[in-house]
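Trainee: Got a structure for you, questions after.
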Amino acid sequence: MKIIKPRRDGQVKAADTAIKKNVKKSYKPLRKQKSEEELKDKNQLLEAVNKQLHQKLTETQGELKDLTQKVELLEKFQDNCLAILESKGLNPDSETAESQEESSTDHADSMLLLETLQGELKLFNETAKKQMEDLQALKVKLKMKEEERAQFLEQQTLCNSQVNDFATALEEMEHLLEM
């Protein structure tokens, strides 16, 4: 502790009041510190929840986009089916006995067509998956080859520098032998 020798009464008081002000500024009541810590904790928790919600929103938007595309494809398929029915002279809204018989045969044809289409789509999907797997494998191989190439270039540079060092040493030895 530093002992202050008073020169004048005003100087000591000024120093005491300055120290008291600094102590007051650095001192925070225990309740205030706790409430600030609780607010910080709650704020961090809210930020984490906000990030999770944002991530879920992004995922949901992606799923919504996929579903929208699927709905569009189904609508196109429905339009194609209606066009096929109309091209055969069938009105999907009419319910006569004759149209019911025709619609049953058309329904069978449509179901056969649908099964064929589903089979082709499955085959296409399998082929696409296989091609994606092959592509991923090729990417991995390419990355490995690039790493091998980089290592080879490093070794080549090292070998070249060693060859240059040996050539320099050889020239120096030849020069020394000539002397």
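Trainee: Percent of accessible area on segment 31-90 owned by carbon and sulfur, 1.4 Å probe? Intermediate results must be reported in sequence, preceding the final value.
Mentor: On the way: 3160 of 5710 Å².
The computed percentage sits at 55.
Trainee: Sticking with this one: Rolling a 1.4 Å sphere over the protein heavy atoms, what is the accessible area per residue of segment 31-90, to the nearest Å²? Walk me through the intermediate numbers first.
Mentor: Details: 5710 Å² over 60 residues.
On a per-residue basis, segment 31-90 sits at 95 Å².
Trainee: A follow-up question, please. Near Leu153, within a Cβ-to-Cβ distance under 14 Å, what is the net charge of the other residues, with Lys and Arg +1 and Asp and Glu -1? Kindly include the intermediate steps, with their values, before the conclusion.
Mentor: Working: positive: Lys145, Arg149; negative: Glu146, Glu147, Glu148, Glu154.
Counting the neighbours of Leu153, the net charge comes to -2.
Trainee: Work out, step by step, the length gained on full extension between Asp134 and Val71: first 0.36 nm times the residue separation, then minus their alpha carbon distance; give nm to one decimal. Can you show the working numbers first?
Mentor: Details: separation 63, 0.36 × 63 = 22.68 nm, distance 3.02 nm.
So the chain would gain 19.7 nm between Asp134 and Val71.
Trainee: So if each residue of separation counts as 0.36 nm, and I subtract the Cα-Cα distance between Lys145 and Ala167, what length gain in nm does that give? Walk me through the numbers before you get to the answer.
Mentor: Numbers: separation 22, 0.36 × 22 = 7.92 nm, distance 3.19 nm.
Full extension of this stretch gives 4.7 nm more.
Trainee: While we're here: Might you report the magnitude of the Cβ-based charge dipole of segment 31-90 about its Cα centre, with Lys and Arg at +1 and Asp and Glu at -1, to the nearest 20 debye? Before the final figure, lay out the partial values.
Mentor: Details: 11 positive and 12 negative charges, 73 e Å.
In debye, rounded to 20, segment 31-90 gives about 360.
Trainee: Apply the Karplus curve 6.51 cos²θ - 1.76 cosθ + 1.60, θ = phi - 60°, to the phi angles in segment 114-124 and return the couplings in whole Hz, x for Gly and Pro.
Mentor: Ordered by residue, 3J(HN,Hα) equals 5, 5, 4, 5, 5, x, 5, 5, 4, 4, 4 Hz.
Trainee: Label points 7 Å out from Cα along the Cβ direction at Asn50 and Thr105: separation in nm?
Mentor: Taking the simple label geometry, Asn50 and Thr105 are separated by 6.8 nm.
Trainee: Return the whole-Å distance between the Cα centroid of segment 117-133 and the Cα centroid of segment 137-160.
Mentor: Between the Cα centres of segment 117-133 and segment 137-160 lies a distance of 35 Å.
Trainee: What is the extension gain from Leu113 to Glu178, computed as 0.36 nm multiplied by their sequence separation minus the C-alpha to C-alpha distance, in nm to one decimal?
Mentor: Values: separation 65, 0.36 × 65 = 23.40 nm, distance 9.39 nm.
Contour length minus Cα-Cα distance gives 14.0 nm.
Trainee: Same structure again: When ligands, DNA and RNA are left out and all protein chains stay put, how many square angstrom of accessible area per residue does segment 117-178 have with a 1.4 Å probe?
Mentor: On the way: 6070 Å² over 62 residues.
I get 98 Å² per residue for this part.
Trainee: Let me ask you something else. Within the accessible area of segment 117-178, what % is carbon and sulfur when the probe is 1.4 Å and the other protein chains stay in place?
Mentor: 61 percent
Trainee: Also, I was wondering about something else. Can you give the accessible area of Val140, probe radius 1.4 Å, in Å² rounded to 10?
Mentor: 80 Å²
The values are calculated or read from the model by the stated rules, or taken from the named source; none is laboratory data. Small disclaimer: the values here were computed from a predicted structure and weren't measured. So basically every Cβ, Gly included, is an ideal-geometry build from the backbone, and we count neighbours across all protein chains shown. Remember, those area values only see protein heavy atoms, side chains included, never the ligands or the DNA or RNA. Shrake-Rupley method; radii C 1.70, N 1.55, O 1.52, S 1.80 Å.
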